[in-house]
Amino acid sequence: MKVIHDAKELQQTALALRAQGKTIALVPTMGNLHAGHASLMDAARSRADVLIVSVFVNPTQFGPNEDYEKYPRTLDADCEVCRAHGVDILFSPAPATIYAPTFSTYVTESACSQGLCGRSRPTHFRGVCTIVNILFNLALPHVAVFGQKDAQQVAVLKRMVQDLHIPVEMAVAPIVRESDGLALSSRNQYLSPEERAVAPEIRAALREISEKIAAGTESAETLAEFFMNKLGANPLFEPEYIEIVDNATMLPLKKITRGNTLIAVAVRMTQSRTRLIDNIVA
Ligand code: AMP
């Protein structure tokens with residue numbers, strides 16, 4: 001496995017690979033790799049000749065009071081995960097290699113990014129669209145793989161790729177969970193022991209919602225109320241939102257239409273202030 005830190009070197013390498021007729025798959029990450037990231041690598045591995053994983057804690061997708069500084073950076077361990085999953089190139093740039101001091105160009109998607117996480121993180125998806133564009137321009141992938149864990153990110157990036165005619169196939173891999181149901185996330189390590197013990201209740205409440213839908217509940221309002229009451233009853237949870245939206249447009253639905261309804265939640269844990277997200281597709 002080759003480790004590249006320099007942006008131009010990655011682009012030259014990708015150009016040379018393309019000139020040889022090789023196909024390239026890209027998995028963008030912020031590192032601190034876990035089994036969720038590894039599942040994206042496995043999904044990407046079979047889709048192209050060359051697998052590139054980027055590890056970059058992207059400053060432009062963090063808000064002023066978010067965890068950019070404390071976000072876990074574990075490059076040595078990340079290298080091991082990448083090696084074990086057949087990665088050919090690990091791209092780990094310093095922020096200054098990506099963002100020049102004069103940097104002033106951002107990519108803004110202005111529909112799918114407005115609700116859900118976009119409400120409390122108004123500059124987040126602009127940062128995500130911008131960095132993914134930059135990574136596409138450096139790694140020149142034929143296919144890129146993203147996780148359903150960040151369902152709104154998938155919708156925003158798919159829209160960006162469609163709107164800007166970017167020649168990259170977008171693939172999505174399912175959410176990987178702990179055995180108790182908690183969705184894997186680099187932020188789970190911020191949880192206090194008490195918070196960690198109750199965190200699977202988020203997923204459990206989503207499952208109950210699935211069951212209610214299967215039993216015939218169609219009203220989004222009823223389901224949202226159920227979730228807010230259920231988690232709101234425990235002082236360790238501060239539910240930020242539950243949104244029941246069209247999976248492609250992220251626009252709110254009043255009535256569940258099975259097959260394309262995304263039920264997405266964000267919950268703030270009150271001891272550590274960690275914000276957890278999860279979702280199901282009904
Ligand atoms: P991150 O490093 O958190 O920016 O995530 C990088 C990629 O991994 C994104 O496409 C995420 O959606 C995906 N990812 C993160 N956690 C999981 C998970 N538990 N299951 C599947 N994919 C995940």
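Part of a helix (DSSP H, G or I) and either polar (S, T, N, Q) or on the phi < 0 side of the Ramachandran plot (or both): does that describe residue 211? Spelling it out, residue 211 is indeed part of a helix (DSSP H, G or I) and either polar (S, T, N, Q) or on the phi < 0 side of the Ramachandran plot (or both).
Candidates in region 237-257 are the residues that are over 23 Å from the mean Cα position of the chain (by Cα) and surrounded by fewer than 19 Cβ atoms within 10 Å (Cβ to Cβ); of these, the one that is modelled with the lowest pLDDT is 257.
Sort out which residues of region 185-204 are over 23 Å from residue 56 (Cα atoms) and assigned to a helix (DSSP H, G or I), and write them in order of number. 193, 194, 195, 196, 197, 198, 200, 201, 202, 203, 204, listed by residue number.
Being among the charged types (D, E, K, R) and either free of Cβ contacts under 8 Å to residues at least 60 places away in the same chain or surrounded by fewer than 18 Cβ atoms within 10 Å (Cβ to Cβ) (or both) holds for only one residue in 196, 203, and it is 196.
Scanning region 245-257 turns up at least one residue that is more than 27 Å from residue 32 (Cβ to Cβ), free of Cβ contacts under 8 Å to residues at least 40 places away in the same chain and hydroxyl-bearing (Ser, Thr, Tyr).
Whether any residue in region 40-55 is over 20 Å from residue 26 (Cβ atoms) and hydrophobic (A, V, I, L, M, F, W, C) is what I want to check.
The first filter runs over region 40-55 and keeps only residues over 20 Å from residue 26 (Cβ atoms), leaving none.
Scanning region 40-55 turns up no residue that is over 20 Å from residue 26 (Cβ atoms) and hydrophobic (A, V, I, L, M, F, W, C).
Of all residues in region 23-47, none that is not assigned by TED's automatic domain parsing to the domain that holds residue 129 has its Cβ atom under 9 Å from the Cβ atom of a residue that is within 11 Å of the ligand (Cβ to nearest atom), 6 or more apart or on another chain.
Would you check if there is a residue in region 10-25 being within 14 Å of the ligand (Cβ to nearest atom) and at pLDDT 95 or above? Yes, there is a match, as at least one residue in region 10-25 is within 14 Å of the ligand (Cβ to nearest atom) and at pLDDT 95 or above.
Right, residue 249: over 13 Å from residue 116 (Cα atoms) and in the same structural domain as residue 210 (by TED's automatic domain parsing) or not?
On the way: over 13 Å from residue 116 (Cα atoms): no; in the same structural domain as residue 210 (by TED's automatic domain parsing): yes.
Here the answer is no, as residue 249 does not meet what is asked.
Find the helices (runs of 4 or more DSSP H) located wholly in region 85-173 whose residues include 2 or more that are buried (at least 16 other Cβ atoms within 10 Å of the Cβ) and away from the ligand (no atom under 13 Å from the Cβ), and list them. Per the criteria, 95-98, 124-139, 151-163. For residue 67, are the conditions met, namely being among the charged types (D, E, K, R), part of a helix (DSSP H, G or I) and touching a helix residue (DSSP H, G or I) at 6+ places or on another chain (Cβ under 9 Å)? Here the answer is no, as residue 67 does not meet what is asked. Within region 180-188, is even one residue of a type outside the set (Val, Ile, Thr), crowded, with 19+ Cβ neighbours inside 10 Å and under 20 Å from residue 246 (Cα atoms)? The answer is no, given that none of the residues of region 180-188 is of a type outside the set (Val, Ile, Thr), crowded, with 19+ Cβ neighbours inside 10 Å and under 20 Å from residue 246 (Cα atoms). Taking the conditions (1) surrounded by 18 or more Cβ atoms within 10 Å (Cβ to Cβ); (2) hydroxyl-bearing (Ser, Thr, Tyr); (3) under 16 Å from the mean Cα position of the chain (by Cα) in turn, residue 13 satisfies each one other than (3).
Condition (residue is within 15 Å of the ligand (Cβ to nearest atom), assigned to a loop (DSSP other than H, G, I, E, B), farther than 28 Å from residue 225 by Cβ and in contact (Cβ under 8 Å) with a residue 60 or more places away in the chain) applied to region 177-184: is it met by at least one residue? Steps first, answer last, please.
Initially, region 177-184 is screened for residues within 15 Å of the ligand (Cβ to nearest atom), giving 177-184.
Filter once more, so that each one left must be assigned to a loop (DSSP other than H, G, I, E, B): 178-182, 184.
Filter again for farther than 28 Å from residue 225 by Cβ, leaving 179, 184.
Next, only the ones that are in contact (Cβ under 8 Å) with a residue 60 or more places away in the chain stay: 184.
Yes, the conditions are met somewhere in region 177-184.
Taking region 185-196 as the range and being polar (S, T, N, Q) and more than 11 Å from the ligand (Cβ to nearest atom) as the test, the residues that pass are 189, 192.
For region 30-58, enumerate the residues that are more than 13 Å from the ligand (Cβ to nearest atom) and not hydroxyl-bearing (Ser, Thr, Tyr). Give the steps one after another, and end with the answer.
Taking region 30-58 and keeping what is more than 13 Å from the ligand (Cβ to nearest atom), we get 45-52.
Result: 45, 47, 48, 49, 50, 51, 52.
The values are calculated or read from the model by the stated rules, or taken from the named source; none is laboratory data. The model shown is predicted, which means the values in this text are computed figures rather than measured ones. So basically every Cβ, Gly included, is an ideal-geometry build from the backbone, and we count neighbours across all protein chains shown.
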